Amino acid sequence: MTRDSRFDILFEPIKIGPVTAKNRFYQVPHCNGMGRLYPDSMIAMRGMKAEGGWAIVATEQCDFHPSADVTPFTETKLWADQDISYLAGMCNAVHQHGGLAAVELVHNGQDTGNLYSREVPIGPAHRPVTWHNHPVQARAMDLKDIQDYRRRHRKAALRAKQAGFDMVVVYAGHDGAMPSHFLSSRHNQRTDEYGGSLENRLRFYREILEDTLDAVGDCMGVIARFAVDEMMGADGLEWQHEGRDAIEMMAELPDLWDVNVSNWDNDSMTSRFAVEGYQEDYVAFVKQVTSKPVATVGRYTSPDAMVSAIRRGIVDMIGAARPSIADPFLPKKIEEGRLEDIRECIGCNICAAWSNLSAPSRCTQNPTFGEEWRKGWHPEQVTPKASDSHVLVVGAGPAGLEAAHALGKRGYKVTLAESRKEAGGRVTRESALPSLNAWARVRDYRLGQIAAMDNVQMYFESELGADDILEFGADHIALATGSIWRRDGVGRAVREPLTGANAERSFSPDDIMDGRRPPKGSVVVFDDDHYYMGSVMADLLAGEGYQVTLVTPGLCVGSWTEYTLEQGHIEKRLLDLGVEILPRHCVSAVGDSVIKLVNLVTGEQLERSGTLVPVTMRLPNDQLYESLDTLNARVEDANIKSIRRIGDCYGPATIAAAVYEGHRYARELDAKIDPDGVPFKTVTYDLALGG
């Protein structure tokens, strides 16, 4: 295949100070939960981006001094010379594939509690530390502190040069870095030359940029990563006013402007709350006031949208974090004319969640993300089949589709049987819910890949029983039969079925997705799942005219969505819809048209009228597996080598987990697996013994 000529502009080189990017694709700095704790994984992951064609591959935030210790988060660091070696490993991995390596030097100031270093936090003013509400305060920096900061930042830039980096990102974004704290009048009420007017508040950032250019600007590109709007209206930075003025004051200073919005919850909004390219309205002015190249993000996955953003004069480079995770080979696939092979990001923010949990990030679309080193998984390559086995996959949900896709890619003969009229399982059902339509990409990508495989056959409306499977003649059986939501309220807070929670008084999410509805009037959504489904049910039913009360034992609506950066957006949407929210409450019983509740703090009893919609937990649909498990002799007579449950049938979890288990099944088929061994590589340290 050859590239469509309309995409040629994406592959034009672009000069950024003293270096040249080979194309217009820039993997912006993004967290990944690997960093300093799992450096081998981080190095392999970044190298994979370069192999996939990203011209610039940046680190996550790299704190450069112990006074900027972000423990427990697992970012990179460049405190001293001993940190150079593993970052040099990343540079080498990127350079091996012709990419430019960039490091984002960051000091989080008043945000971080320095839990490991035990240094007193610093900031523009005396303020409490913000992250996790640590009982610690940041002290106001005096002029000597500012000089110390500038010197340390300069030293870090020089260390970055020594490590082999080609570019330095000077960070003032997301309301999470010292320069953005100095810039914000909310944080900075200083009366010296670093406070008051915009010019004074911007002085700190300008000096750091100038220091960096002076130290390494002769051989390294210097990128200004800058938030132009805090999406707070007049209470914060607005692009029409100080955001634009700040860019104009420094217009020609950096080699590249990487512009976005604050904070991270807004910059990385999920597809549920923002469309592709949504930041353009905020950053479109930047190219009008500078001659330097400009980049922005916006979850771009469409090559046409990328070209449009460049031709309309919005940007010169396409910045991406999440799309580069979902498909590290996105640039190469566009270049080679393989648009149908692109795994488009669904904007679910599972990647951000795992990083926020201080664990290696995961991706719903790309099950190999984070496994490049640990398991040696390549996103585009799999080992050929090890036998002529025929595999029967039962269930075409996310696990079944991914298993069939990867098995087919390996060369196995695969039959995929689905009991419903359409593929996708929970993905198809959930993508029909309010604002989750992008999630259908999980299904559509895999169906598109499978359609091109002669060795994979798919059959719909094919509900198989144990006898059918035994008579089918397959060598291996993968059961991806999914799970079902409980209707009786059992979950984390409720351990026994709720009194009265029968099919007439209680409607599960599956009931709602199947088209069943409670009687018109009031409903109580009982969210003990704490992820997205409870709020989506409330959103859907409120939109259909029900009076909705959302009850949750958690401290807030969808408390786990704080990790996916959605919680505030979710709560605002529900409040705008008129949903009553009762945190720290639990359902105690279900009666005729009344739901009995209890306040978990005070013990107060209260009631709400209506029907119950419990969103608490799911049970695996594993009856087929249990049936086969009782027929050992017949299984042996049928020459079936293995029967394995995958996805929600094995353990209900996220869609990302289901895709991963499907992929893992395909990778491990016919492989020798030690059931007692560690199923991935770990770092081994040789510790010297003795005194």
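What follows draws every value from the coordinates through simple rules; no lab data is involved. All of these numbers come straight from a predicted model, not from anything done at the bench. Counting neighbours? That spans all protein chains shown, and the Cβs are built from the backbone with ideal geometry, glycine included.
Annotations
- Extending 7 Å from Cα along the Cβ direction at residue 421 and again at residue 158 yields two label points whose distance is 7.1 nm.
- This model, with +1 at the C-beta of Lys and Arg and -1 at the C-beta of Asp and Glu, gives segment 486-618 a dipole about its Cα centre of some 180 debye.
- Long-range Cα-Cα pairs in the chain (distance over 40 Å), rounded percent: 37 percent
- Projected area averaged over orientations for segment 379-447, convex hull of C-alpha atoms, nm²: 4.9 nm²
- Cross-link partners for residue 22 among the aspartates and glutamates, with Cα-Cα distance under 15 Å and sequence neighbours closer than 8 places in the same chain left out: 8, 12, 51, 166, 316, 335.
- Straight-line cross-link partners of residue 385 among the aspartates and glutamates, defined as a Cα under 19 Å from its Cα and at least 8 positions apart when in the same chain: 402, 454, 475, 661, 668, 670.
- Cβ-based charge dipole, segment 5-356, positive-most Cα from 65, 85, 253: 85
- Between residue 119 and residue 291, the distance separating the two model label sites (each 7 Å from Cα on the Cα→Cβ line) works out to 3.9 nm.
- Peptides 239-252, 415-428 ranked from most to least packed give 415-428, 239-252, packing being the mean of other C-beta atoms within 10 angstrom over each peptide's residues.
- The residue among 549, 133, 2 whose Cα reaches farthest toward the positive pole of the charge dipole of the chain, with charges on the beta-carbon of Lys, Arg, Asp and Glu, is 2.
- Principal axis dimensions, largest first and in whole angstrom, of segment 83-164 by Cα: 46, 28, 18
- Nearby lysines by direct alpha-carbon distance to residue 144 (threshold 22 angstrom, same-chain neighbours under 8 apart not counted): 155
- Mean-position separation - Cα centroids, segment 2-17 and segment 206-250, in angstrom: 27 Å
- Our compactness index for segment 5-356, the C-alpha radius of gyration over the empirical 2.2 N^0.38 Å, is 0.92.
- Between 0 and 90°, nearest 10: helix 655-668 axis offset from the chain longest Cα axis: 80 degrees
- Ellipticity estimate at 222 nm from DSSP helix runs (n ≥ 4, -39,500 (n - 2.57)) divided over the chain, nearest 500: -8500 deg cm²/dmol
- Averaging Cα coordinates gives a centre for segment 132-198 and one for segment 24-59; these two points are 24 Å apart.
- Viscosity 1.567 mPa s, temperature 4 °C, Stokes-Einstein D of segment 457-512 from Kirkwood C-alpha radius, µm²/s: 88 µm²/s
- Listed pairs 77/572; 413/681; 15/333; 15/49; 49/161 exceeding 27 Å between Cα atoms: 77/572; 413/681
- Positive contributions from Lys and Arg (+1) and negative ones from Asp and Glu (-1), summed over other residues with Cβ under 12 Å from the Cβ of residue 204, come out at -2.
- With 0.36 nm allotted per residue and the present C-alpha distance subtracted, the residue 133-residue 214 stretch has 25.4 nm of extension available.
- Using the empirical formula 2.2 N^0.38 Å as the baseline, the Cα radius of gyration of segment 1-146 reaches a ratio of 1.26.
- Part-to-part distance (alpha-carbon centres) for segment 595-642 and segment 522-570, which is given in Å: 21 Å
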